[in-house]
Each structure stands twice: as C-alpha cells, then as structure tokens.
Amino acid sequence: MTPGNEHTTDPVDLFIIGGGINGCGIARDAAGRGFSVTLAEKDDLASGTSSASTKLIHGGLRYLEHYEFRLVRESLIEREVLWGMAPHIIQPMRFVLPHHKGLRPKWLLRLGLFLYDSLGGRKKLPPTATRDLATDPLGKVLRPGHGTAFEYSDCTVDDSRLVVLNARDAATRGAMIRTRTKVTSAQREGAVWRIELTDQISGAEETVFARMLVNAAGPWVEQTFKGQPEAHAVRLVKGSHIVVRKLYDDPRSFFFQNADGRIIFAIPYKREFTLIGTTDADFAGNPGDAEISEGETDYLIAAANEYFATPIVRGDIVWTYSGVRPLYDDGASKAQEATRDYVLKLTGEAGVAPLLTVIGGKITTYRRLSEEALGHVQTALGARGGDWTAGAGLPGGDFAVEQFGEKIAQLQRDYPFLSESDSWRLVHSYGTEAWAILGNATDAEALGRAFGAGLYAAEVDFLIEREWVRTVEDVLWRRSKLGLHGEQIDSAALDAYIAAALDRSGTKAAIAQR
C-alpha cells in the first residue's frame with residue numbers, strides 16, 4: 001500500500017479535486033505543512049493536460065511579446081529551482097532559434113533574449129549565444145539559406161513523472177491520494193464540505209467531509225460547479241503534438257518561427273525521436289476526447305518542412321497526443337494570445353466552508369502556484385508553516401544537477417548487465433531509486449519476467465506498489481514512454497501480470513471495500 005493511503009472517514013482539512021500537476025503540487029505543499037489532505041482523481045494521475053505538454057520547463061520566450069513580464073520572470077526563476085528538485089526528470093537543453101528573413105527582426109530577437117537572460121536570476125544554465133548556421137553542424141539539417149541563429153537555454157521535463165513524484169512525496173508526508181475516484185457531488189454543509197465519491201473500478205460510493213475544497217480539475221474545472229456562483233470564466237485551448245523518428249543527431253532543440261506569427265518546437269525526445277509542437281486551437285466538448293485533427297497534423301508538418309532539409313511525411317509519425325489547457329479567459333482574440341498565467345479564486349464568507357478554484361497555469365509555475373494556493377488555505381484554515389518546497393527534492397532527485405551523467409555510469413558499474421540506454425532510462429525516470437528497483441540483481445533474469453524494451457517485472461512491481469499503477473497504459477504512457485516501442489512490448493503479458501499482481505497485493509479487494 002502506498003504511504004499515506006490509509007483510509008479514514010474523519011473530516012480532512014483539505015480535499016483536492018484533480019490529480020494533475022496543480023492538484024498534486026498543492027497536496028504536497030499542504031501535507032508538508034501539516035494539513036490533513038485527500039486528493040481524488042477520476043482517472044490516473046496526469047491522465048489529462050499534465051501529460052500532454054511540450055515537455056518543457058521554460059520561461060516562455062514568446063510570452064514577452066504579450067508583455068507577460070511577471071509570468072516570464074517567475075518561470076525563469078523556477079527553471080533552476082525545479083531542476084535542483086528533480087535533476088533526473090528535468091534536464092537542461094539548448095534551443096536554436098534561426099533568424100528568418102521577413103519575420104521577427106534580429107534586433108527584436110536579441111532584445112527578447114537579453115531580457116530572457118536577465119529577468120530570472122540565471123545561475124547554472126549557460127547564456128544566449130549567436131550561431132552561424134552556415135558553419136554550425138546543426139545547420140546541415142535545415143534547408144539552405146539560414147545564416148544567423150540565436151542559441152539559448154531552457155529545460156526539458158518528463159511531465160507525467162513530475163506529477164507522480166509530487167503525489168508520491170505528498171503521500172509520504174501523510175496525504176491520501178485516491179486515483180480512479182470520481183467526485184460526483186460537493187455541497188456545503190455549514191463550515192464543512194460534504195463530498196460524494198464513486199470508485200471508478202468497483203462502483204462503490206462513499207461520503208467524506210472536508211473543511212476546505214480545492215477545485216484543481218484542470219479542463220474540467222468549470223464543469224465541477226457549472227451554473228453555480230463558484231463557476232468562473234475558463235477558455236479551453238487544445239494543443240497537439242506529433243512525434244517522429246529522430247530527425248538529427250545533435251542534442252539541441254529548434255525554436256521555429258512561422259509566417260502566421262506562431263512558433264513550434266522540434267525537440268530531441270527519448271533519444272530516438274523528435275517531438276514537434278504545439279498548436280493552439282479553441283476547444284469545445286469533453287476534454288477527455290481531445291485528439292489531433294487532420295488540420296493540426298498538416299499544420300505541424302508544413303511548419304517543420306519550412307525549415308528541415310528532409311521533408312516530414314505522415315508516414316514518419318509514430319505518435320500524436322493532444323491536451324486541453326484550461327486558460328483564464330482574459331478576452332484575447334486568438335487562442336495563442338490567451339494568458340498562460342494562473343488565477344486563484346477563493347470563495348466562501350465567514351462561517352461557510354471555503355472553496356479555492358485553480359484556473360490556468362503551466363507546468364513550470366506549478367510550485368509557485370502551490371505556494372500561492374497555500375497562502376489562501378492558511379488564510380481560511382489558519383497558518384501551519386512557511387514555504388518549504390523550493391529546497392526539498394522529489395523522490396529519486398537527491399543528487400546534484402551536475403551528477404546526472406555520473407549516476408548513469410554508476411548504475412552501469414553496479415549492474416553490468418544493463419545497456420547504456422537502459423541505464424539512462426532508469427536514471428532519467430527514477431534517479432537514485434533505480435537502485436531500489438534493481439536491488440540485488442546480478443543479471444537480467446533476476447529482475448523477473450521480461451515484457452520487452454528493457455521493461456521487467458521488478459520495475460512493474462515498483463510502479464504498482466509505489467505509484468498507483470493499475471493498467472498497461474499507466475505503465476507505458478504515463479510512468480514511462482515505452483509505448484513508443486509498442487512493437488517490442490508484450491502488452492497482453494503485461495496486462496495479465498498487472499492484474500495478477502493487484503490480486504496478490506489485495507488492492508482490488510481494498511478498492512471493493514471502500
């Protein structure tokens with residue numbers, strides 16, 4: 001049983017709806033201050049918007065054009081804070097921005113990058129540099145005619161693992177994390193909330209109580225209280241990405257300008273692929289049904305082909321994904337111009353159970369959003385301590401940012417049967433917890449059943465016991481991206497193994513008894 005998941009019917013201080021990055025970040029911060037916390041997620045952790053990002057921890061260079069200086073500054077500061085908290089799943093990356101004649105002028109790009117280097121207190125990430133693509137090796141993958149480019153720093157992140165690690169740390173600090181648990185009703189009864197829950201696996205129903213409710217339901221945030229005073233203006237914007245086989249060997253990413261004023265990224269992804277995105281399109285409907293459209297696919301291919309010497313075709317695409325961002329509706333005329341800043345709304349007069357509604361935000365600012373949310377929580381429920389998360393590492397991240405490569409080499413020395421690529425994946429996913437997964441194994445057979453692509457029973461057991469895994473999709477797409485190697489994975493065997501492991505652990509029985 002995952003720590004912090006002991007069931008209780010006693011009222012809690014804080015009940016959080018939503019197991020995305022904001023909900024899990026708030027749960028972690030609150031539990032660390034001593035609040036009793038329950039979080040309910042109707043599906044798996046990070047099963048919505050939080051696993052559908054561009055996989056960046058970044059300042060948001062393009063937000064400078066919309067004068068969002070506070071957001072950019074906060075994001076830039078957070079890059080190195082988050083990198084220090086999770087140096088396994090967050091890695092620095094250089095981005096190359098080719099100058100394109102007829103689009104943004106060089107002086108504007110230089111000014112933007114000067115501000116980018118100056119606003120955020122950059123300490124460890126290298127500064128902006130100018131490159132000549134006529135001589136830089138990376139220029140060879142582009143169509144002829146590109147000369148000057150600007151190279152700057154940001155970070156990449158395994159977004160869904162960032163969510164899970166925040167949930168794990170919250171649970172370790174006492175929070176109850178309940179996945180596959182849907183909130184069907186939340187009503188005030190004086191100074192407390194009465195919350196009706198339905199277990200999505202067993203169908204069991206339950207009533208719990210809380211002193212305060214946090215609505216961090218992401219793109220479902222408005223639906224949770226639709227038609228009630230707590231509903232707020234939310235603009236749903238869909239972003240889609242495509243993933244293709246690796247287009248080039250250089251470790252740097254591209255930041256491409258498009259003729260329509262938008263930008264796209266082309267990012268080395270999981271060592272064997274290139275991730276291209278994103279789009280921005282207003283969305284109506286069920287966020288859970290979001291998928292890339294034919295028009296979005298055409299747009300991303302065409303935008304990339306404006307730059308790459310070897311054109312991309314549809315047959316090159318190995319995976320697509322889409323997510324719906326719940327942005328605060330600031331009245332912007334275009335979806336790409338809508339603010340990426342977050343808005344927190346506290347409602348509930350004296351003597352009435354308070355509600356905190358979370359709108360907007362982005363992965364880079366989730367920790368600061370959580371701190372601000374806890375300010376509201378402490379206003380409503382009383383102070384329990386100061387900000388603490390900036391200096392506290394996430395599970396597996398207890399090493400210096402400079403030691404990532406050393407950890408990979410050390411894992412290979414300790415387990416010589418591992419390939420370099422397997423060592424990289426394990427350290428990138430689990431950091432120092434890779435050793436806990438491998439244990440005393442002296443060969444691959446000791447790790448149990450092999451499911452393909454370097455996935456063994458020992459890792460699956462770890463994910464079931466500590467990370468709320470219940471399905472094959474949880475393993476292959478949110479705890480890892482091994483689904484990209486689907487042809488190598490024995491999914492049927494993995495599904496049967498997970499079901500048997502849940503039966504052995506009594507997890508299914510425990511769910512049925514709720």
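Computed quantities for the displayed model
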{"quantity": "ALA217 more than 25 Å from the chain's Cα centre (by Cα) and either outside the structural domain of PRO326 (by TED's automatic domain parsing) or under 30 Å from GLY102 (Cα atoms) (or both)", "calculated": "no"}
{"quantity": "Considering residues of the range 140-177 that are basic (Lys, Arg) and buried (at least 24 other Cβ atoms within 10 Å of the Cβ) only, the residue nearest to PRO311 (Cα to Cα)", "calculated": "ARG161"}
{"quantity": "Enumeration of residues in the range 315-342 that are closer than 21 Å to PHE255 by Cα and in a helix (DSSP H, G or I)", "calculated": "ASP316, ALA335, GLN336, GLU337"}
{"quantity": "Some residue of the range 212-223 being surrounded by fewer than 23 Cβ atoms within 10 Å (Cβ to Cβ) and in a strand (DSSP E or B)", "calculated": "no"}
{"quantity": "Within the range 269-294, tally of residues that are β-branched (Val, Ile, Thr) and part of a loop (DSSP other than H, G, I, E, B)", "calculated": "3"}
{"quantity": "Residues satisfying the stated conditions in the range 58-83, i.e. assigned to a loop (DSSP other than H, G, I, E, B) and modelled with pLDDT under 95", "calculated": "GLY59, GLY60, TYR67, GLU68"}
{"quantity": "Tally of residues being over 29 Å from the mean Cα position of the chain (by Cα) and surrounded by 18 or more Cβ atoms within 10 Å (Cβ to Cβ) across the range 116-139", "calculated": "3"}
{"quantity": "Residue in the range 346-355 that is among the β-branched types (Val, Ile, Thr) and buried (at least 18 other Cβ atoms within 10 Å of the Cβ) present", "calculated": "no"}
{"quantity": "Residues of the range 178-199 classified as part of a loop (DSSP other than H, G, I, E, B) and surrounded by fewer than 16 Cβ atoms within 10 Å (Cβ to Cβ), total", "calculated": "2"}
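The values are calculated or read from the model by the stated rules, or taken from the named source; none is laboratory data. Worth saying up front: this structure is predicted, and the values here are computed from it rather than measured. No Cβ is skipped: glycine too gets one built from the backbone with ideal geometry, and neighbour counts run over all protein chains shown.
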